[in-house]
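Report on the structure given below.
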Amino acid sequence: IRALTADLSHPGFAPFLLTGPADRRAAAILALSGEVLSRGRSVLALFPEIGMSRSVEEAYAARLGEGIVLLHGRMTERAREEARRRIESRAPLVVAGPRSAVFMPLRELGLIALDEEADESYRQLESPAYDARTAAWMRAEASGARLVLAAEAPRVETYERARRGGWLIEIPGPPPPPAEVVDDRGFRGLLAPAVVERIAAAVGF
């Protein structure tokens, strides 16, 4: 978090690639969003699928104590117009949505957070063809905003670019559970006796 929030008092473009478990990435992005909002700037949160809308909205409401403006293709025209009015009438606020939300006219944009960076849903192939990841980079650069690309397994080119550029932040995950390799050579059953013993102990047989 300290790396992400450093020098927020000095507006300027800065990219970050955030890797690690989904819950820890989300916590970092939400904390950074709160810092950006407290400084009077807006947040644009991009996610790959419309189905994630509810969980994203609930996460921001729980962390920041307020709702967000959601934008996606399944909204009615009336709901979309109301969302546009909210965006144009106030700042700072959080706007969230899939790839098309990158074009929304937020005022005082301070952060663009793009989760699941490797998801190809960010690329639109039909006309007008564009890649929301590239658009997010260009918009953050033009707005003097922070750009956070996040994924547990980012694209190889993004990872290498971030590693070489010094803007890679790797959040460690929990340690893996202990594992033991069992030698079952010569045993013809489905499970080796040692495995059966451990299962029986675990379930109380």
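For this structure, a couple of remarks:
- Condition met for Arg123 (of a type outside the set (Ser, Thr, Tyr), open to solvent by less than 40 Å² (accessible area, probe 1.4 Å) and at pLDDT 90 or above): no
- One residue alone among Ala140, Ala200, Ala135 is in contact with a strand residue (DSSP E or B) (Cβ under 6 Å, 6 or more places away or on another chain) and assigned to a helix (DSSP H, G or I), and that residue is Ala140.
- Of the residues Pro15, Pro11, the single one that is in contact with a Gly (Cβ under 8 Å, 6 or more places away or on another chain) and part of a strand (DSSP E or B) is Pro15.
- Here Arg78, Arg24, Arg85 are screened, and the one residue that is more than 25 Å from Leu125 (Cα to Cα), of a type in the set (D, E, K, R), assigned to a helix (DSSP H, G or I) and under 18 Å from the mean Cα position of the chain (by Cα) is Arg24.
- Of all residues in region 164-201, those that are under 30 Å from Gly20 (Cα atoms) and free of Cβ contacts under 8 Å to residues at least 40 places away in the same chain total 9.
- Test result for Ala118, open to solvent by less than 70 Å² (accessible area, probe 1.4 Å), more than 20 Å from Leu8 (Cβ to Cβ), in a loop (DSSP other than H, G, I, E, B) and hydrophobic (A, V, I, L, M, F, W, C): yes
- Test for Val56: is it in contact with a strand residue (DSSP E or B) (Cβ under 8 Å, 6 or more places away or on another chain), under 17 Å from Leu111 (Cα atoms), of a type outside the set (S, T, N, Q) and not in a strand (DSSP E or B): yes
- Selection count where residues are within 30 Å of Ser42 (Cα to Cα) and exposed (fewer than 10 other Cβ atoms within 10 Å of the Cβ), scope region 146-205: 5
- Residues in region 1-43 that are without any contact (Cβ under 8 Å) to a residue 40 or more places away in the chain and not small (Gly, Ala, Ser): Ile1, Arg2, Thr5, Asp7, His10, Asp23, Leu30, Glu35.
The values are calculated or read from the model by the stated rules, or taken from the named source; none is laboratory data. If you're wondering where the values come from, they're calculated on a predicted model, not measured in any experiment. Here Cβ is always computed from backbone atoms with ideal geometry, including for glycine, and neighbour counts include all displayed protein chains. Side chains are part of the model used for accessible areas, which takes the heavy atoms of the whole protein and leaves out ligands, DNA and RNA. Shrake-Rupley method; radii C 1.70, N 1.55, O 1.52, S 1.80 Å.
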